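Trainee: Handing you a structure now.
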Amino acid sequence: AEYEAKRTAYLKEKKELDQYIGKPTVTKDGVTIELVANIGKPEDVDKVLQYDAEGIGLFRTEFLFMDRNSMPTEDEQFEAYRTAAQTMAGKPLIIRTLDVGGDKKLPTLELPHEDNPFLGFRAIRMTLSHPEIFRPQLRAILRAAAYGDVRVMFPMIGSMDQLREAKALLREQEQTLQAEGVPTGSVKVGMMVEIPAAAVLAEEFAKEVDFFSIGTNDLTQYTLAVERGNAAVAHLYAPEHPAVLRLIAMTAQAAAERHIPCGMCGEAAGDPKLAPAFVGMGVNELSMSPRRVPAVRKLLSGLTMDECRQAAEKLLHP
C-alpha cells in the first residue's frame, strides 16, 4: 500500500511536470530565464531534448578522454561535438575544455603525485601546460561551431594571464584552420567562476569574456575549505552558505554591469530551494541534470522576480 501510494504520487507529479515540456521558462511577471542541461557525452543530448532544456550549458569533455588507452584524436572530438551541435539544432551548446586532475584521472596522461590534487595541477593549469592536448581540442570545437551555436568555456580560471593565454591559443587555432581552408564557426568565449579569486575579480574578468558560468561545486569547496568528497567534513559543505552566495551575487552583478550572461552549472543550479534565490541575485541561466528542468521551470513560473529577490535576501543576510 505504501509503494502504491508513492507510485500514484509520482505519476501525478510526472503528469503535472509534463505540462511544462515545450513551454518557455518565464517568471510570473514575464522575466525569461534560460534552463539548460549538463551532459557528459553526445548520447546524453537525447535526454536534453526529452526534458526540453533550452540548450546545453555544460558539455563535460573529460568523459571523451577517460576509460581508454589513447588520447581521442581531433577528428574523434570533432565528431562528438558536431553530433551534439547538430542534434541541438541551433540551440546553444557550451563546451567546457578538458577539466581533469583532482578526483578525475586520465589513464593516458601521467600526472605527478600531489598531496592535495584539488589545489594542484588540474583543469586550465594542466591544459595550458600541455598544448599538444589543448590545441586539438580547440580545433575540434572551432570546427564543430560550423554546425551550430557552439561556445567554449575555460575551467578553473584564477588569473587574467591564464584567461588571455587560453584565448590567444583559441585565436591561433582559428587562424590556422582558416589558413588550411577548414570551415569554422564563430565561437563565444566564457569562463567558469569556481575559484573565489575569479568571483572577487569578476568585474575585471567580465571585460574579457562573453559569458560567465558559476561552478558551485568547486566554488563551495574552495570558499569553505571543504573537500566535498571527504566524508569527515562533508557536513560542512554547504552551497547555501552566505559566503558562497555573496560571491555568486558579486559575480552576477559584475556580469549585469557589463551586459553579459551569467549562468550556473553546479549541482546547486537544479536545487529547488536555491534556484529562485540565484535568479533573484541576477543569474539568468541555470544548467542542471536534464531531468530537473521541468520541475525548476514549474517552480520559477510560479514566482515573481520580487519573490526571487526576497529569497536571495533571506539567504544572503540570514
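Trainee: Considering every residue within the stretch 209-216, establish whether at least one is under 19 Å from ARG258 (Cα atoms), touching a Leu at 6+ places or on another chain (Cβ under 9 Å) and not polar (S, T, N, Q).
Mentor: yes
Trainee: May I pose another question? Which members of the stretch 124-159 meet the condition of being surrounded by 24 or more Cβ atoms within 10 Å (Cβ to Cβ), touching an Asp or Glu at 6+ places or on another chain (Cβ under 6 Å) and in a helix (DSSP H, G or I)?
Mentor: Listed by number, the residues that qualify are ALA140, LEU142.
Trainee: Can you tell me which of GLU172, GLU204, GLU180, GLU208 is under 18 Å from ILE124 (Cβ atoms) and free of Cβ contacts under 8 Å to residues at least 40 places away in the same chain?
Mentor: Matching residue, one of GLU172, GLU204, GLU180, GLU208: GLU172.
Trainee: For PHE121, indicate whether it is touching a Lys or Arg at 6+ places or on another chain (Cβ under 9 Å), aromatic (Phe, Trp, Tyr), surrounded by fewer than 23 Cβ atoms within 10 Å (Cβ to Cβ) and over 23 Å from GLU74 (Cβ atoms).
Mentor: no
Trainee: Given the stretch 225-318, what helices (runs of 4 or more DSSP H) lie entirely inside it while holding 3 or more residues that are hydrophobic (A, V, I, L, M, F, W, C), open to solvent by less than 80 Å² (accessible area, probe 1.4 Å) and touching a residue at least 40 places away in the same chain (Cβ under 8 Å)?
Mentor: Once the helices (runs of 4 or more DSSP H) in the stretch 225-318 are filtered for at least 3 residues that are hydrophobic (A, V, I, L, M, F, W, C), open to solvent by less than 80 Å² (accessible area, probe 1.4 Å) and touching a residue at least 40 places away in the same chain (Cβ under 8 Å), what remains is 242-257, 293-301, 305-316.
Trainee: Output the residues belonging to the stretch 1-15 that are hydroxyl-bearing (Ser, Thr, Tyr) and exposed (fewer than 10 other Cβ atoms within 10 Å of the Cβ).
Mentor: Answer for the stretch 1-15, where residues must be hydroxyl-bearing (Ser, Thr, Tyr) and exposed (fewer than 10 other Cβ atoms within 10 Å of the Cβ): just TYR3.
Trainee: I've got another one for you. Taking the stretch 204-216, which residues are buried (at least 17 other Cβ atoms within 10 Å of the Cβ) and not β-branched (Val, Ile, Thr)?
Mentor: Within the stretch 204-216, PHE205, ALA206, PHE211, PHE212, SER213, GLY215 meet the criteria.
Trainee: Right, next: Has the stretch 193-203 got any residue that is open to solvent by 40 Å² or more (accessible area, probe 1.4 Å), out of contact with any helix residue (DSSP H, G or I) (no Cβ under 8 Å at 6 or more places or on another chain) and assigned to a helix (DSSP H, G or I)?
Mentor: The answer is yes; a qualifying residue exists.
Trainee: Pairs please, first residue from the stretch 135-163 and closer than 13 Å to ALA84 by Cβ and acidic (Asp, Glu), second anywhere and at pLDDT 95 or above and open to solvent by less than 10 Å² (accessible area, probe 1.4 Å), Cβ atoms under 6 Å, 6+ apart in sequence or on different chains.
Mentor: Once the first residue is closer than 13 Å to ALA84 by Cβ and acidic (Asp, Glu) and sits in the stretch 135-163, no partner that is at pLDDT 95 or above and open to solvent by less than 10 Å² (accessible area, probe 1.4 Å) comes close enough.
Trainee: Let me ask something else. Against the definition (modelled with pLDDT of 95 or more and out of contact with any Ser or Thr (no Cβ under 8 Å at 6 or more places or on another chain)), how does ALA269 come out, yes or no?
Mentor: Here the answer is no, as ALA269 does not meet what is asked.
Trainee: Inside the stretch 38-61, can you point out the residues that are in a helix (DSSP H, G or I) and either open to solvent by 10 Å² or more (accessible area, probe 1.4 Å) or in contact (Cβ under 8 Å) with a residue 60 or more places away in the chain (or both)?
Mentor: If the condition is that a residue be in a helix (DSSP H, G or I) and either open to solvent by 10 Å² or more (accessible area, probe 1.4 Å) or in contact (Cβ under 8 Å) with a residue 60 or more places away in the chain (or both), then PRO42, GLU43, ASP44, ASP46, LYS47, VAL48, LEU49, GLN50, THR61 are the ones that fit.
Trainee: If you check ALA238, ALA234, ALA249, ALA255, which single one turns out to be more than 19 Å from ALA206 (Cβ to Cβ) and at pLDDT 95 or above?
Mentor: ALA238
Trainee: Tell me which residues, restricted to the stretch 12-53, are in contact with a Leu (Cβ under 8 Å, 6 or more places away or on another chain) and over 21 Å from MET264 (Cα atoms).
Mentor: LYS28
One line per residue, one yes/no per condition, for (1) in a loop (DSSP other than H, G, I, E, B); (2) open to solvent by 40 Å² or more (accessible area, probe 1.4 Å); (3) modelled with pLDDT under 95:
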| position | (1), (2), (3) |
| --- | --- |
| GLY22 | yes, yes, yes |
| GLY30 | yes, yes, no |
| VAL36 | no, no, no |
| PHE63 | no, yes, yes |
| ASN69 | yes, yes, yes |
| GLU79 | no, yes, no |
| LYS91 | yes, yes, no |
| LEU98 | yes, no, no |
| LEU106 | yes, no, yes |
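Trainee: To continue, here is another question. Could you list, in sequence order, the residues of the stretch 135-182 that are hydroxyl-bearing (Ser, Thr, Tyr) and over 26 Å from PRO117 (Cβ atoms)?
Mentor: Residues satisfying the conditions are TYR147, THR176.
The values are calculated or read from the model by the stated rules, or taken from the named source; none is laboratory data. Here the structure is a predicted model, which means the values were calculated and not measured. Backbone-built Cβ (ideal geometry, glycine too); neighbour counts: all protein chains shown. Note: accessible area is taken over every heavy atom of the protein model, side chains too, but ligands, DNA and RNA are not part of it. Shrake-Rupley method; radii C 1.70, N 1.55, O 1.52, S 1.80 Å.
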